[in-house]
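Working notes, structure below.
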Amino acid sequence: MSTRAIQFLKQKKVPFEVVRYDHAQKGAKFAARATGYPLEATVKTLVVNLGEKHYSLVLMSGDKQLSMKLLAKACGVKRAALVDIPTAERITGYLVGGISPFGIKKKIPVVMDEGALGFDKILINAGQRGAMLMMDPADIRKILACKVAKVADP
C-alpha cells in the first residue's frame, strides 16, 4: 500500500507503522474502535477556513472537540470555521475519512492541539480510508512545522 502521505514520510525518512482496518464509517471514533487504539491517541485531521480562503489543518485527539474561538485566537484571526466536504477534498486531495496532513495538494499551515503531544505514539490518517499511521507526534510536529496551541474545548 502506498499513498501520497506514505511517500511523503518515506521521502522525509520519518518512522511510521501502517495500521489497516475495515473502514465502515468515517471518523476517529470508528477508527479507534476498529484498531483497538485509544480514542484520545487517535488524531483527527480537520480542514478549517481562517477567513478570505486562508486555510489550515488542525490535528487533535479524537476524543476532543475543536474550539473555533481558541483556534481563531491561536491563529490571530477573527473567526474560524470548518470547511465543507468538497472544499476539504479539493484542498487536500484526499477523501473525507481519509484526510492525512502529509502529502496534501496545497501547502497550508498546520495547527496541532497541545493534547496530541502527550502520547508516545498516535494514530493519524495515512491518506486512505481504512489506513492509519502509528507515529511519534513529535515527528509530526517537526516535519509539518506545526503551530502547537490549545484549540480543544475544555
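What to note about this one:
- Restricting attention to the range 28-53 and to residues that are over 18 Å from R79 (Cα atoms) and among the small types (G, A, S), the residue that is surrounded by the most Cβ atoms within 10 Å (Cβ to Cβ) turns out to be A31.
- Filter result (out of contact with any helix residue (DSSP H, G or I) (no Cβ under 8 Å at 6 or more places or on another chain) and of a type in the set (S, T, Y)) within the range 1-36: S2, T3, T35
- Listed by first and then second residue, the pairs with beta-carbon distance under 7 Å, at least 6 apart or on different chains, first residue in the range 121-137 and within 13 Å of P101 (Cβ to Cβ) and without any contact (Cβ under 8 Å) to a residue 60 or more places away in the chain, second surrounded by 21 or more Cβ atoms within 10 Å (Cβ to Cβ) and not polar (S, T, N, Q), form an empty list.
- Checked against the criterion of being at pLDDT 95 or above, hydroxyl-bearing (S, T, Y) and either closer than 17 Å to K26 by Cα or surrounded by fewer than 18 Cβ atoms within 10 Å (Cβ to Cβ) (or both), the candidates S61, S56, S100 yield just one match: S100.
- Of the residues in the range 108-126, at least one is farther than 27 Å from R33 by Cα, of a type outside the set (A, V, I, L, M) and in contact with a helix residue (DSSP H, G or I) (Cβ under 9 Å, 6 or more places away or on another chain).
- Applying the criterion of at least 3 residues that are in contact (Cβ under 8 Å) with a residue 24 or more places away in the chain and touching a Ser or Thr at 6+ places or on another chain (Cβ under 7 Å) to the helices (runs of 4 or more DSSP H) found wholly in the range 1-90 leaves 28-35.
- Among all residues of the range 75-90, there is at least one that is under 17 Å from C146 (Cβ atoms), in contact with a strand residue (DSSP E or B) (Cβ under 8 Å, 6 or more places away or on another chain) and not hydroxyl-bearing (S, T, Y).
- Failed condition for K121, given (1) surrounded by fewer than 22 Cβ atoms within 10 Å (Cβ to Cβ); (2) modelled with pLDDT under 95: (2)
- Screening K107 with (1) modelled with pLDDT under 95; (2) surrounded by 14 or more Cβ atoms within 10 Å (Cβ to Cβ); (3) of a type outside the set (S, T, N, Q) gives one miss only, at (2).
The values are calculated or read from the model by the stated rules, or taken from the named source; none is laboratory data. These numbers were taken from a predicted model, which means no experiment stands behind them. Cβ atoms come from the backbone with ideal geometry, glycine included; neighbour counts cover every protein chain shown.
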